[in-house]
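The values are calculated or read from the model by the stated rules, or taken from the named source; none is laboratory data. Since the structure is predicted, the reported quantities are computational estimates derived from the model, not experimental observations. Cβ coordinates were reconstructed from backbone atoms using ideal geometry, including for glycine residues, and neighbour counts include every protein chain displayed. For accessibility, only protein heavy atoms count, side chains too; no ligands or nucleic acids. Shrake-Rupley method; radii C 1.70, N 1.55, O 1.52, S 1.80 Å.
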Amino acid sequence: MNLIPRKVFFTKGVGLHKDKLASFEAALRQAGIEKQNLVYVSSILPPLCTTITKTQGLKLLHPGQITFCVMARSETSEPNRLVSAAIGLAVPKDKEAYGYLSEHHAHGETGKASGEYAEDLAATMLATTLGVPFDPEEAWDTRKKVYRASGHIFKTKNICQSAEGHKSGRLWTTVISAAVFIME
């Protein structure tokens, strides 16, 4: 059996609850993927896998379905503690080649910083496999230009969910971001 997804969509959510697991469930509900049996996979975006909208993707899922995803998750019960979870994507120009997805989980980091870090990570992984020369000490914005100018990397992006821990400290706050694969 060949399990190569041909579609992927991105989603995110935040959940609050007194129980850690229920907080995670609430985040899954906000993301729209609470009815799936989620199986976490690593970081490869298959060749010819197209990105679809969350709305399109959710219509293709069925309750109880085994669903593969790359997920980032972070949680806290500390009052006002900043948490974030981000997925980065790097797609090669050659659609017959594979791309990369990365996950990043952080505490005390803004959503913008977490998202950019995840995007940078995915792009850097792809650049190294394609042999794109770059200086790892350069800032992300500079390397992003180098990657795109190489002619090998077509697109990079990220999705991130961040939140502050509930002010009372009596509730768990969970954030998730996911790249959800659709099997044809």
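Putting +1 on Lys and Arg Cβ atoms and -1 on Asp and Glu Cβ atoms, find which of ALA123, LEU60, GLY13 reaches farthest to the positive end of the dipole of the chain.
The Cα lying farthest towards the positive end belongs to LEU60.
Which pairs, out of LYS7/LYS35; LYS93/LYS157; LYS59/LYS145; LYS54/LYS145; LYS35/LYS167, put more than 25 Å between their alpha-carbon atoms? Walk me through the numbers before you get to the answer.
Working: LYS7/LYS35 19 Å; LYS93/LYS157 14 Å; LYS59/LYS145 36 Å; LYS54/LYS145 28 Å; LYS35/LYS167 29 Å.
Beyond 25 Å: LYS59/LYS145; LYS54/LYS145; LYS35/LYS167.
Before I look further, what does the stretch 57-152 give for accessible area per residue, probe 1.4 Å, in whole square angstrom?
On the way: 4740 Å² over 96 residues.
Using a 1.4 Å probe on heavy atoms only, each residue of the stretch 57-152 averages 49 Å².
Considering only protein heavy atoms and a probe of 1.4 Å, how much of the accessible area of the stretch 67-180 is carbon and sulfur, as a whole percent?
Working: 2650 of 5230 Å².
Here it works out to 51 percent.
When the label point is put 7 Å from the Cα of TYR98 along its Cα-to-beta-carbon vector, which residues of the stretch 1-36 have a backbone N closer than 17 Å?
Residues 1-8 qualify, since their backbone N sits under 17 Å from the label point.
Do you know the relative contact order of the stretch 33-106, to the nearest whole percent, from alpha carbon pairs under 8 angstrom that are 6+ apart? Walk me through the numbers before you get to the answer.
Working: 111 pairs, mean separation 28.5, N = 74.
Once divided by the residue count of the stretch 33-106, the mean separation gives 39 percent.
Normalising by the residue count of the chain, find the relative contact order in percent from Cα pairs under 8 Å and 6+ residues apart.
Numbers: 485 pairs, mean separation 63.3, N = 184.
Averaging sequence separation for qualifying contacts and normalising by length gives 34 percent for the chain.
Among the complete DSSP H segments of the chain, which ones combine at least 24 Å of alpha-carbon extent along their axis with a mean Kyte-Doolittle hydropathy of -0.5 or more? Intermediate values should be presented prior to the final figure.
On the way: long enough: 111-130 (28 Å, 0.14).
Within the chain the helices that satisfy the rule are 111-130.
At 222 nm, what helix-only mean residue ellipticity would the chain give, in deg cm²/dmol to the nearest 500, using -39500 (n - 2.57) for each DSSP H run of four or more?
Numbers: 4 runs with 48 residues, N = 184.
Calculated at 222 nm, the ellipticity per residue is -8000 deg cm²/dmol.
Work out how far the C-alpha atoms of the stretch 1-156 reach from end to end along every principal axis, then list the three figures in whole Å, largest first.
So the three principal-axis extents are 48, 43, 24 Å.
So, in nm, how far is label ASN80 from label ILE66 when the simple model puts each one 7 Å beyond its Cα toward the Cβ?
4.7 nm
Beta carbons within 10 angstrom, averaged per residue: use that to sort the peptides 59-67, 2-10, 24-32, 151-159, highest first. Mind showing how you got there, number by number?
Numbers: 59-67: 12.2, 2-10: 16.2, 24-32: 20.1, 151-159: 18.3.
For the peptides 59-67, 2-10, 24-32, 151-159, the packing ranking is 24-32, 151-159, 2-10, 59-67.
Roughly speaking, what is the stretch gain from GLU164 to THR50, that is 0.36 nm per residue apart minus the C-alpha to C-alpha distance, in nm to one decimal?
Numbers: separation 114, 0.36 × 114 = 41.04 nm, distance 3.30 nm.
Taking 0.36 nm per residue and subtracting the Cα distance, the gain is 37.7 nm.
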